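The values are calculated or read from the model by the stated rules, or taken from the named source; none is laboratory data. What you are looking at is a predicted structure, and each value in this text was computed from that prediction instead of being measured. Every residue, glycine as well, gets a Cβ built from its backbone with ideal geometry; the counts of neighbours run over all protein chains shown.
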Amino acid sequence: MIAAHGAKGKPVSRKALELGISAIQQSSLSEGARLIRIAVRSADLTPDVRAIACIWLAETAPDTAHKRACYTAALQAEPGNADARARLNALLTAGLPSAPAATAYAAPTATGTYTPAPTATGTFSAVQPATSFNVADYLVRVIDGPNGAGTAVYVTADGLLATTRRVIGGLEQVTLETYAGGQTRGTVIRSYADLDLALIRVDARPAALLPVTPLPRVPDDAALTIVSYDGEVTRATQRPTRRSMAPHWIPTSVTALSDAGGAVIFDERNYLVGIMTRCTSLASSVTLYGLHITAIRRLAETALAELRGERRRYCPDCGTASRATGQGYFYCEQCGAAAPEARSVRRYPVPQAAQFYEPVGRPRCPVCNATVGAHGGRCLRCGGDQR
């Protein structure tokens, strides 16, 4: 099916969604509902965007039944959408009003504290966090990273933290510090070098999560507030660019960070929109990029699902959750690196491991049993001598 496009090549459904959100923000709830319903009837919306549309649609009427139906539809579109799940759970919690009063949050102070501020009736309201909250309660510091200390933020209710790959480097475990003064160990379960993202699992559970933006991307020239674990607050803006890039990137006006990355980014309504990375637009550029919270949470859910499936082992070299090393074999099937515990032992071909090292039909390496080929007499996966 080919989607209809507007004058600028944007799908009509996406344009209708954007116009609907804009109408809701301007208190035109009935018009916003009409436009969003047009958007959700289209088949070309991706599951995550469809879920966002349903969440916004919930804000167009105050009754509980309407909101519950919208949040349920959002979860049907994207079962891993933590935002929709949190909102649905809140509706089912005794004592909460069916239409919570809209509340915005003033800009963070140097200590990272947010205080309530009134907003116009009818604007978007999230499931209400506490009337006052401290950003510090949601952040931890990675104190023993190879590139210096960094910031990490809770992104799932069961204790998954997001920071940058630069912060954790090639470590499998890191030491974390909280504002309460305690230290704990965290285990890296997944990292993505191309996104400068790392996910760390800890036993501690956050009391709540920061309220996140419902928008799939940060608008051009939007005001941003960046808060690191050490309390540094940076005012910045989204930097418009003519480059074609994925929506999970947030080009910013920031040129320097106080740590190795992971500082949280808030929009002008003080919703969490992402974390700061060390990625730059070009090798010669000095401006940095943020990574959108939608992408972070999607990858977090994927990583947790991988752990709930067959046994996997984190590969600190490429960041993947390796099936081969999880089953006790020597090499990661993605990058060919030896598992840390296998580096000091004698390694030999294991026929049972062949299923992990595709493609088939080529001569197998006598050292690692891989079929990726050789160059200069050495295996391209493990470097073993083929002669």
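Here are a few things to note about the model shown:
- Arg185 vs. criteria surrounded by fewer than 14 Cβ atoms within 10 Å (Cβ to Cβ) and modelled with pLDDT of 90 or more: yes
- Pairs are defined by a Cβ separation below 7 Å, a sequence spacing of at least 6 or placement on different chains, a first member in segment 38-50 that is farther than 22 Å from Ala295 by Cα, and a second member that is of a type outside the set (Asp, Glu) and in a helix (DSSP H, G or I); the pairs so defined are Ile38/Ala16; Ser42/Ser13.
- Per-region count, segment 169-227, residues under 17 Å from the mean Cα position of the chain (by Cα) and small (Gly, Ala, Ser): 4
- Residue that is modelled with the lowest pLDDT [pool: residues in segment 1-24 that are assigned to a loop (DSSP other than H, G, I, E, B) and in contact with a helix residue (DSSP H, G or I) (Cβ under 6 Å, 6 or more places away or on another chain)]: Ala4
- Applying the criterion of being of a type in the set (Val, Ile, Thr) and either within 17 Å of Leu210 (Cβ to Cβ) or in a strand (DSSP E or B) (or both) to the residues of segment 224-262, the residue that is modelled with the lowest pLDDT is Val233.
- Cβ-Cβ under 8 Å pairs, at least 6 apart or on other chains, segment 215-228 side without any contact (Cβ under 8 Å) to a residue 40 or more places away in the chain, far side surrounded by fewer than 19 Cβ atoms within 10 Å (Cβ to Cβ) and of a type outside the set (D, E, K, R): Asp220/Pro240; Asp221/Thr237; Asp221/Pro240
- Single residue of Glu341, Glu310, Glu333 found to be under 30 Å from Glu78 (Cβ atoms) and surrounded by fewer than 17 Cβ atoms within 10 Å (Cβ to Cβ): Glu310
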